[in-house]
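Notes for the one structure printed next.
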Amino acid sequence: MKTTKIIQLLKETDSIGLNTTVNIKGWVRTKRGNNNVAFINVNDGSIVHGIQVVIDVPNFNEDTLKSITTGACISVDGTLVASMGKGQGVEIQAQHIEILGLADPQTYPLQKKGHSMEFLRSIAHLRPRTNYFSCVLRLRHAMAFAIHQYFNDKGFVYLHTPIITSSDCEGAGEMFHVTTLDISNPPRTAEGDVDYKQDFFGRHTSLTVSGQLNGELGAMALGNIYTFGPTFRAENSNTPRHLAEFWMIEPEMAFYDLDDNMELAEDFIKHCVRYALEHNIDDLQFLNDLFDKELINRLKSVLDVNFVRLPYTEAIDILSKSGQKFDYPVSWGIDLQSEHERYLVEQHFKKPVILIDYPKEIKAFYMKQNDDGKTVRAMDVLFPKIGEIIGGSQREESLEKLMNVIHERKMNEQELWWYLDTRKFGTAPHSGFGLGFERLLLFITGMSNIRDVIPFPRTPQNAEF
Ligand code: 4AD
Ligand code: MG
């Protein structure tokens, strides 16, 4: 018999028809009952809800029933019937049960409900079997799909930028090295430095921190492109908002100025939020009821408002006059900390804020310089509970101005010759931004730790599974 997914049994009951014989396969969540009747809740991952399987105990082999324990995988043939139990429309009256995989109750770690997030992280290989994590993973999938759909519908080209790179886009020096050299005994130059000419690529390489520089090359030919891939940062930040391996979406648009860039960023995030509310309401409702009673309201509230657009200088003014005591003191020129960002978003404006025109010293080399000589056309989108969710800018299209910064920062212009070529040959105004996929998911799911919105988190001292 063909297996039916539980989501179909629950959502398409009418077209399947009551009293039809069906087969389901899934994992046992709970089992209870007595000598006459037993109830098994089975979940197959297609939806947060399980389906109840009802068993007339005397009709089944005792040993088989005994070995159906929490975590076991079973295949059930039975009749789809209306449920007597409250809160569920249908259940399955079992005719035949096959055990596909046992789960020893002595050692299966997910016996009871209500495990802590910390504990679940230590069993990342099994946590997708919890309701909470399956909701997050379905939402993660839905958001990836919504993102591709959004850009495809707008005519953007999905550009695959390299993961192994020889340039440090953000200039922060937080890159993981990629090498096949014997690190305990690397070849040396006459000066005693490691001789990367003998390395696999004949040069020093790293894992990318951002696809942007390559993305710009694409935009200067295709018009509008986006990247969506893994990025890596070796910053030793053990915070609930940082991963060493995270996914980033980076659109890059020819002929966009900063206003166009902000408009796109706002519309894009709203599309993602709307998509989740329209397509994944079961998952959101579950997370809302169990973890975060404000989740659905918060998601809806973002759709209703226009994001604030605020120059950095005015933000500093607001923070200075706030009377608030911050851990990091506020003055013009500082890189805003999450406490500052969250004050602006959560207390002052009570809606998302796009901060623009940051001091040039705290931003990357490629940003377009303002005429004031002090600030650049940067934009950070700040969100409630999260802080920075997007970082982007208009790019400096003038070769001369870009070269000045490269010299000021003592960067190696030879290594960027290909990037600089775009400013030599048919340069054009252009803009782009990067959305941290997991930061978006923090907002969408209401989770408070970024380790809980990615299947297998990579953080300092942790790369198991
Ligand atoms: O602000 P960032 O560093 O910007 C860039 O990399 C630009 N090249 C993007 C562009 O203009 N194309 O990073 C962009 C976003 C941040 O706003 C944040 O959401 C996320 O990436 N991000 C991280 N997410 C998780 N863990 C980390 N360690 C992150 N670092 C940045
Ligand atoms: Mg940033």
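The values are calculated or read from the model by the stated rules, or taken from the named source; none is laboratory data. Quick caveat: nothing in here was measured; it's all calculated off a predicted structure. Cβ: placed from backbone, ideal geometry, glycine included. Neighbour counts: every protein chain shown. Note: areas computed on protein heavy atoms with side chains; ligands, DNA, RNA excluded. Shrake-Rupley method; radii C 1.70, N 1.55, O 1.52, S 1.80 Å.
Name the residue that is modelled with the highest pLDDT, counting only residues in segment 371-393 that are closer than 30 Å to Phe443 by Cβ and more than 15 Å from ligand 2 (Cβ to nearest atom). By that ranking, first place goes to Thr375. Annotation note: of Asn280, Asn236, the sole residue that is touching a residue at least 40 places away in the same chain (Cβ under 8 Å), over 30 Å from Asn370 (Cα atoms), within 11 Å of ligand 1 (Cβ to nearest atom) and not basic (Lys, Arg) is Asn236. In this structure, is Pro352 modelled with pLDDT of 95 or more, closer than 30 Å to Leu217 by Cα and surrounded by 15 or more Cβ atoms within 10 Å (Cβ to Cβ)? The answer is no for Pro352. Looking at segment 40-53, can you tell me whether even one residue there is over 29 Å from Asp289 (Cα atoms) and outside the structural domain of Gln285 (by TED's automatic domain parsing)? No, the conditions are met nowhere in segment 40-53.
Could you tell me whether segment 37-56 includes any residue that is open to solvent by 70 Å² or more (accessible area, probe 1.4 Å) and closer than 24 Å to His279 by Cα? Checked segment 37-56: at least one residue is open to solvent by 70 Å² or more (accessible area, probe 1.4 Å) and closer than 24 Å to His279 by Cα. Restrict the check to segment 144-157 and report whether at least one residue is over 30 Å from Glu408 (Cα atoms), part of a helix (DSSP H, G or I), in contact with a Lys or Arg (Cβ under 9 Å, 6 or more places away or on another chain) and without any contact (Cβ under 8 Å) to a residue 40 or more places away in the chain. Checked against the condition, which is being over 30 Å from Glu408 (Cα atoms), part of a helix (DSSP H, G or I), in contact with a Lys or Arg (Cβ under 9 Å, 6 or more places away or on another chain) and without any contact (Cβ under 8 Å) to a residue 40 or more places away in the chain, segment 144-157 yields no hits at all. For segment 1-116, the strands (runs of 3 or more DSSP E) that sit wholly inside it and include 2 or more residues that are closer than 26 Å to Leu284 by Cβ, hydrophobic (A, V, I, L, M, F, W, C) and modelled with pLDDT of 95 or more are 21-33.
Within segment 418-442, restricting attention to residues that are within 16 Å of ligand 2 (Cβ to nearest atom) and assigned to a helix (DSSP H, G or I), which residue is most open to solvent (accessible area, probe 1.4 Å)? Show your work before the answer.
Filtering segment 418-442 for residues within 16 Å of ligand 2 (Cβ to nearest atom) gives 431-440, 442.
Right, trim to assigned to a helix (DSSP H, G or I) and you get 437-440, 442.
Values: Phe437: 5, Glu438: 2, Arg439: 46, Leu440: 0, Leu442: 10 Å².
That would be Arg439.
Of all the numbered requirements in (1) of a type in the set (D, E, K, R); (2) within 11 Å of ligand 1 (Cβ to nearest atom); (3) crowded, with 20+ Cβ neighbours inside 10 Å, Glu396 misses one, and that requirement is (2).
When segment 173-207 is examined, which residues are found to be touching a residue at least 24 places away in the same chain (Cβ under 8 Å) and open to solvent by 60 Å² or more (accessible area, probe 1.4 Å)? Talk me through it step by step, then tell me what you get.
Our first condition is that a residue be touching a residue at least 24 places away in the same chain (Cβ under 8 Å); within segment 173-207, this holds for 174-179, 201, 203-207.
Listed by number, the residues that qualify are Phe176, His177, Phe201, Arg203, His204.
Restricted to segment 158-170, and to residues there that are among the aliphatic types (A, V, I, L, M) and part of a loop (DSSP other than H, G, I, E, B), the residue that is farthest from ligand 1 (Cβ to nearest atom) is Ile163. The residue of segment 361-390 that is surrounded by the fewest Cβ atoms within 10 Å (Cβ to Cβ), among those that are within 13 Å of ligand 1 (Cβ to nearest atom) and among the β-branched types (Val, Ile, Thr), is Ile362.
Note on segment 399-408: residues that are open to solvent by 10 Å² or more (accessible area, probe 1.4 Å) and within 16 Å of ligand 1 (Cβ to nearest atom) amount to 1.
Among the listed residues Ile318, Ile362, Ile389, Ile296, which satisfies the condition of being aliphatic (A, V, I, L, M) and in contact (Cβ under 8 Å) with a residue 60 or more places away in the chain?
Values: Ile318 fails: in contact (Cβ under 8 Å) with a residue 60 or more places away in the chain; Ile362 fails: in contact (Cβ under 8 Å) with a residue 60 or more places away in the chain; Ile296 fails: in contact (Cβ under 8 Å) with a residue 60 or more places away in the chain.
Among Ile318, Ile362, Ile389, Ile296, only Ile389 is aliphatic (A, V, I, L, M) and in contact (Cβ under 8 Å) with a residue 60 or more places away in the chain.
Counting the residues of segment 381-425 that are more than 16 Å from Gly171 (Cα to Cα) and charged (D, E, K, R) gives 8. Residues that are modelled with pLDDT under 95 and more than 15 Å from ligand 1 (Cβ to nearest atom) do occur in segment 415-435. The conditions of being at pLDDT below 95 and open to solvent by less than 50 Å² (accessible area, probe 1.4 Å) are not met by Ser210.
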